[in-house]
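The values are calculated or read from the model by the stated rules, or taken from the named source; none is laboratory data. Please read all numbers here as calculations on a predicted model, not as lab measurements. Positions of Cβ are backbone-derived with ideal geometry, glycine not excepted, and every protein chain shown enters the neighbour counts. What goes into the accessible areas is simple: the full protein's heavy atoms, side chains included, and nothing from ligands, DNA or RNA. Shrake-Rupley method; radii C 1.70, N 1.55, O 1.52, S 1.80 Å.
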Amino acid sequence: MEIRSILVNVDLDTSSTSTLRYAIDLAHRFDAELIGLAADQPSLTFAGVDGAATVADFYQLERTEVEAQLAHAEAAFRGAVPATLKSQWRAYVNTPVAALLELACLADVIVTGSTTNSTIRAVEKLDLGELVLASGRPVLNVATSASEAKLDKVMIAWKDTREARRAVADALPFLKQAKEVLAVTIGEGDNRHERASLDDLVAWLGRHGVTARGDIIANPGKFVDILESTALAQGVDLLVSGGYGHSRMREWLFGGVTRNLLAANRLNRLLSN
């Protein structure tokens, strides 16, 4: 896969620009089109107010504010994106996840920040888990401290599962740009099988021009943050992982390690399902 289009979720709080800066840098790296998107919808907290006219007035006031914020976000996007970079803008009066899912077919990768939308108004955060599971695209969640799209050191969280295989395949364009690639497996007691699986992955990556090394992480304490702590200790620029989950009664349920990674906002994470 090649990265030819990047969909970035633009925060309505335009004072927070780290995600957009990261996406712009990424678009330059891959010579890709950048699709900016912002979305929000009126609050429904007034739905219980008596009187249809009052509810309609509240809704219109909220919608007017949302539309003004979307216009402000567009101006910030167009002001930040260089004229040399191909780009387009989309805005939706909808939830961020619904808007991103609608446009996911246009993107090779979706870039989001740790939180979305304005901090001025009480609005929902982006449901990263739902986006990873439903978009059919790799989702790159940018760390809160990121200022540029560094890809010097990339770490792969490896287990021979469908999700991990999908994530590594999706991450190939990023892995090919890295100077160092480390594939790690959390040890579960079958060292021989785990080492063989890592060796197979390293060999597969080599056939795609990616030089990598494999390592098994001991985790006798069964800590759910072991991948996060290892990545931080290694100083990686990007952590690649499968998103392990399934749906039940319209709720996305994740295992402990993946759930922890979804909240690991000190890391740049590329997640696929």
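Data overview
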| quantity | calculated |
| --- | --- |
| Simple spin-label estimate for K176 and E188 in nanometres, 7 Å along Cα-Cβ | 3.2 |
| Region 151-241 - charge dipole about Cα centre, Lys and Arg +1 at Cβ, Asp and Glu -1, debye rounded to 20 | 240 |
| Rounded tilt (10° steps) of 52-80 against the dominant C-alpha axis of the chain | 50 |
| Label-point separation, E102 to D199 (7 Å along Cα→Cβ), nm | 5.2 |
| Of all accessible heavy-atom area on the chain, the percent that carbon and sulfur account for (1.4 Å) | 50 |
| Fully extended contour minus Cα-Cα distance, from R21 to L232, at 0.36 nm per residue | 73.8 nm |
| Calculated Rg and Dmax of the chain using C-alpha coordinates, Å | 20.0, 70 |
| Backbone N within region 1-33 under 14 Å of label point (7 Å from L85 Cα along the Cβ vector) | 4-11, 17-33 |
| Accessible area of S114 in the full protein assembly, 1.4 Å probe (Å², nearest 10) | 40 |
| Selection from V224, N191, A203 lying farthest towards where the dipole of region 149-238 points positive, charges on Cβ | A203 |
| Angstrom value of the Kirkwood radius, inverse mean 1/r, which spans all Cα pairs in region 131-273 | 15.3 |
| Cα long-axis angle, helix 18-30 against the chain (0 to 90 degrees, to the nearest 10) | 60 |
| Degrees between helix 191-207 axis and first principal axis of the chain (Cα, 0 to 90, nearest 10) | 70 |
| Lysine pairs with alpha-carbon atoms under 20 Å apart, the chain, spacing 8 or more or separate chains | 5 |
| Å² per residue, accessible surface of region 65-119 at 1.4 Å | 44 |
| Estimated inter-spin distance, H208 and Y59, nm [label 7 Å along Cα→Cβ] | 4.7 |
